[in-house]
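Report on the structure given below.
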Amino acid sequence: MKIIFPLTLLALSSSAAFAASDTRSHAMGGTSVASSNYLSASIANPSLLQKTVKENDDFGILLPSVNFQIQDQDELFDSIDDFQDSFENLSDLLEQNNYQNGGVSEDELKRARAEVAANLARLNGQAFIEGNIAAATAIPTQAGGFSLFVNADFDLVANVMIDDNDLVVIANADTPDELESIDSETQFVGASITDAGFSYSNQYSISEQIIYWSVTPKFQQVDTFNYVVSVDEFDEDDFDANDYTNSDSQFNIDFGLATELMENVTLGFTASNLIENEFKAITHRGLTPIYTVGPEFKLGVAYANDTVTFAADVDLNAAERLSLEEKSQYARVGLELNGFDWVQLRAGYSHDFKGEQDDFVSVGFGFSPFGTVRLDVTAQKANDNELGAGIQLAFTI
């Protein structure tokens, strides 16, 4: 019996939409629909469980895989810090000026007001954080492939809403209280989708063409988050997230297909979250964002032999998620070179052809001596504010 224990210690990726749960796939640009192995297939495309399993694969465990994606193209969080620093400085000068009856020069106040106004103007754009935690077991049998999994995805969007009248307030405030009457706000909207499910996969033949298929019924818990605060007051340590969170649940279902078009060439298709539903977050300061769980369709093709794997995936639709997020739709390509099952070199590329997310490139390295221990690492970059790294350790017993 061969038992596989992969442990993803850390994986940070750039801002591409979350597409994979293991470091190997991240290193290959997020491709997974036709190129996953039988363990990662439990989450990516369970129909591959039957196709990719080897004769001595009897049972597999995917220990918690942890991945994060971070995007801050406009350096929004740094800009918020700069604004709050300049705002506090102006507030102190106004207080000092009142206390000392005009003890602060007009030039100094003018410079301080200009700095606050300039920093307010720089509070544009959005910042995104996405993540995933997953665990799975896979059992290939003659009666079909079985897998159990738990997969939690989360999205968080930070958005600043500027009130143009605040420039007038900044220019004319004579006291700290008048300055604090600004109406520009920072909104943090998030959702956590936890799937707990069971996958069954099998195969059938049509005119000697083998079709691998899978069905995955699953329970989903959806936690939504909405927090709105004045831009001068936000402090990540000064609020309880539970006070701004709603929880809901529903049943959903996924399907997967795969077939070998010709020797070593696999075509894969996945249809996820076929039951669509909208979940409203709590209303805070008059704002009620919506998170949509709905159908996502992906198509992938992969060529794989003992020395090289080339994969390409494409999103067939732009799935809706958080109401504040712009829709994205990706094309991904990945390459893996395998040296005698000891060393693997990987590279990948991802492009958003629907929205405005930056393209990113990824590279990776695998080391698997004697087929008993596997170490996978990856690094990714889109720009200076979209960086990633990952490491995954696997044991074969």
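Hey, any hits in the range 276-298 for a residue that's among the hydroxyl-bearing types (Ser, Thr, Tyr), outside any strand (DSSP E or B) and without any contact (Cβ under 8 Å) to a residue 60 or more places away in the chain?
Step one: list which residues in the range 276-298 are among the hydroxyl-bearing types (Ser, Thr, Tyr), which gives 283, 288, 291-292.
Adding the requirement that they be outside any strand (DSSP E or B) leaves 283, 288.
Then keep just the ones that are without any contact (Cβ under 8 Å) to a residue 60 or more places away in the chain; that gives 283.
Looking through the range 276-298, at least one residue is among the hydroxyl-bearing types (Ser, Thr, Tyr), outside any strand (DSSP E or B) and without any contact (Cβ under 8 Å) to a residue 60 or more places away in the chain.
Of Phe370, Phe310, which residue is assigned to a strand (DSSP E or B), without any contact (Cβ under 8 Å) to a residue 60 or more places away in the chain and of a type in the set (Phe, Trp, Tyr)? Spell out the reasoning first.
Details: Phe370 fails: assigned to a strand (DSSP E or B).
Result of the check over Phe370, Phe310: Phe310.
Those residues that are crowded, with 18+ Cβ neighbours inside 10 Å and aromatic (Phe, Trp, Tyr), I need them from the range 282-302; list them, please.
Tyr291
Quick one: Asp248 ticks every box in (1) under 22 Å from the mean Cα position of the chain (by Cα); (2) under 30 Å from Pro176 (Cβ atoms); (3) among the charged types (D, E, K, R) bar one, so which box is it?
Evaluating Asp248 over (1) under 22 Å from the mean Cα position of the chain (by Cα); (2) under 30 Å from Pro176 (Cβ atoms); (3) among the charged types (D, E, K, R) leaves (2) as the failure.
Scan the range 135-149 and tell me whether some residue there is not small (Gly, Ala, Ser) and not in a strand (DSSP E or B).
To start, the set of residues in the range 135-149 that are not small (Gly, Ala, Ser) comprises 137, 139-142, 146, 148-149.
Still in the list and also not in a strand (DSSP E or B): 142.
Checked the range 135-149: at least one residue is not small (Gly, Ala, Ser) and not in a strand (DSSP E or B).
Determine if the range 230-241 includes at least one residue that is without any contact (Cβ under 8 Å) to a residue 60 or more places away in the chain, more than 26 Å from Ile70 (Cα to Cα) and more than 23 Å from the chain's Cα centre (by Cα). Walk me through how you get there before you give the answer.
Of the residues in the range 230-241, the ones without any contact (Cβ under 8 Å) to a residue 60 or more places away in the chain are 230, 233, 235-241.
Remaining after also requiring more than 26 Å from Ile70 (Cα to Cα): none.
No, the conditions are met nowhere in the range 230-241.
Scan Phe367, Phe360 and give me the residue that is closer than 28 Å to Val157 by Cα, touching a Lys or Arg at 6+ places or on another chain (Cβ under 8 Å) and at pLDDT below 95. Break it down into steps so the answer makes sense when it comes.
Details: Phe367 fails: closer than 28 Å to Val157 by Cα.
Matching residue, one of Phe367, Phe360: Phe360.
Regarding the range 69-82, can at least one residue be identified that is aromatic (Phe, Trp, Tyr), within 29 Å of Glu130 (Cα to Cα) and either free of Cβ contacts under 8 Å to residues at least 12 places away in the same chain or surrounded by fewer than 22 Cβ atoms within 10 Å (Cβ to Cβ) (or both)?
Initially, the range 69-82 is screened for residues aromatic (Phe, Trp, Tyr), giving 77.
This time we only want the ones that are within 29 Å of Glu130 (Cα to Cα), so: 77.
This time we only want the ones that are either free of Cβ contacts under 8 Å to residues at least 12 places away in the same chain or surrounded by fewer than 22 Cβ atoms within 10 Å (Cβ to Cβ) (or both), so: 77.
The answer is yes; a qualifying residue exists.
Say we look at the range 210-222 and pick out the residues that are of a type outside the set (A, V, I, L, M, F, W, C) and surrounded by fewer than 21 Cβ atoms within 10 Å (Cβ to Cβ); which of these is nearest to Gly197 (Cα to Cα)? First the steps, then the outcome.
Applying the first criterion (of a type outside the set (A, V, I, L, M, F, W, C)) to the range 210-222 yields 212, 214, 216-218, 220-221.
If we keep only those that are surrounded by fewer than 21 Cβ atoms within 10 Å (Cβ to Cβ) as well, we get 217-218, 220-221.
On the way: Pro217: 6, Lys218: 4, Gln220: 9, Gln221: 12 Å.
So, considering only residues that are of a type outside the set (A, V, I, L, M, F, W, C) and surrounded by fewer than 21 Cβ atoms within 10 Å (Cβ to Cβ), the one nearest to Gly197 (Cα to Cα) is Lys218.
The values are calculated or read from the model by the stated rules, or taken from the named source; none is laboratory data. Please read all numbers here as calculations on a predicted model, not as lab measurements. Cβ coordinates were reconstructed from backbone atoms using ideal geometry, including for glycine residues, and neighbour counts include every protein chain displayed.
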